[in-house]
Amino acid sequence: PEECAVFHCRGCWAVLGDSLQLCAQGPRLDLLACFKVTDEVTWEDSLMFGLEGALLGCAYYALSCRSCGLVVGFILYSAARDMAHLRGLFCFFKDSILCYLLNKQTIMEASKMNFPAVTLKE
C-alpha cells in the first residue's frame, strides 16, 4: 500500500502497530481500529465503564503502552449499536499516537492523517 504507516506511542515512540492492520476509522471518536497490535500494547483484565463522553454506556478494556504506561486506546467489550462494529478491535486514540510514513520517511500526527477508506460493515 502506498500510504503505509507505523503507529508509535506519543509518549515514548514505542511501535504499537501499523496501517496494514487498520480495519476502521472512527470519525466520532477520532480513532484508528486495528485487527492486530505489537507486544508493546497491554491491557488489564478489569473492565472499565464509560460514564461520560463518546464512551458513555460502553464497557471496555483500556489499552496502554508497555514502555511508558500512556493510555493509547481501548478494546470495546459492549457498546451501543452505533459503535458495536468496533467490539473486539484494538482502537487507538489518534491524539495518543504518531505515524511514521514509510514511503515519505516522515512523522505525522495521527489526527492529521487521511488513510484510505476501509470497509468494515457497521
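Out of all the residues in segment 34-67, which are out of contact with any helix residue (DSSP H, G or I) (no Cβ under 7 Å at 6 or more places or on another chain), touching a residue at least 40 places away in the same chain (Cβ under 8 Å) and not small (G, A, S)? Show your work before the answer.
First, pick out the residues of segment 34-67 that are out of contact with any helix residue (DSSP H, G or I) (no Cβ under 7 Å at 6 or more places or on another chain): 37-57, 59-67.
Filter once more, so that each one left must be touching a residue at least 40 places away in the same chain (Cβ under 8 Å): 37, 41, 65-67.
Hits for segment 34-67 are V37, V41, C65, R66.
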Got a number for residues in segment 94-107 being open to solvent by 30 Å² or more (accessible area, probe 1.4 Å), modelled with pLDDT of 90 or more and of a type in the set (A, V, I, L, M)?
-> 1
Considering residues that are at pLDDT 90 or above, among the charged types (D, E, K, R) and open to solvent by 90 Å² or more (accessible area, probe 1.4 Å), the number found within segment 29-45 is 2
Only residues that are farther than 21 Å from E40 by Cα and assigned to a strand (DSSP E or B): list them for segment 82-98, please.
-> none
Could you tell me whether any residue of segment 7-17 is open to solvent by 20 Å² or more (accessible area, probe 1.4 Å), within 16 Å of K112 (Cα to Cα) and at pLDDT 85 or above?
-> yes
Only residues that are within 12 Å of L16 (Cβ to Cβ) and open to solvent by less than 20 Å² (accessible area, probe 1.4 Å): list them for segment 46-93, please.
-> L63, C65, V72, G73, C91, F92
Here are L22, L63: which of them is out of contact with any Asp or Glu (no Cβ under 9 Å at 6 or more places or on another chain), at pLDDT below 95 and not small (G, A, S)?
-> L22
In segment 78-93, residues that are within 15 Å of the chain's Cα centre (by Cα) and in contact (Cβ under 8 Å) with a residue 24 or more places away in the chain total 8
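On the basis of being closer than 20 Å to L102 by Cβ, surrounded by fewer than 18 Cβ atoms within 10 Å (Cβ to Cβ) and in contact (Cβ under 8 Å) with a residue 60 or more places away in the chain, does C23 make the cut?
For C23, the condition - closer than 20 Å to L102 by Cβ, surrounded by fewer than 18 Cβ atoms within 10 Å (Cβ to Cβ) and in contact (Cβ under 8 Å) with a residue 60 or more places away in the chain - is met.
The values are calculated or read from the model by the stated rules, or taken from the named source; none is laboratory data. Computed from a predicted model, the values in this text were never measured in an experiment. Reconstructed Cβ throughout: ideal geometry from the backbone, glycine too, with neighbour counts over all protein chains shown. With ligands, DNA and RNA removed, areas are computed over all heavy atoms of the protein, side chains included. Shrake-Rupley method; radii C 1.70, N 1.55, O 1.52, S 1.80 Å.
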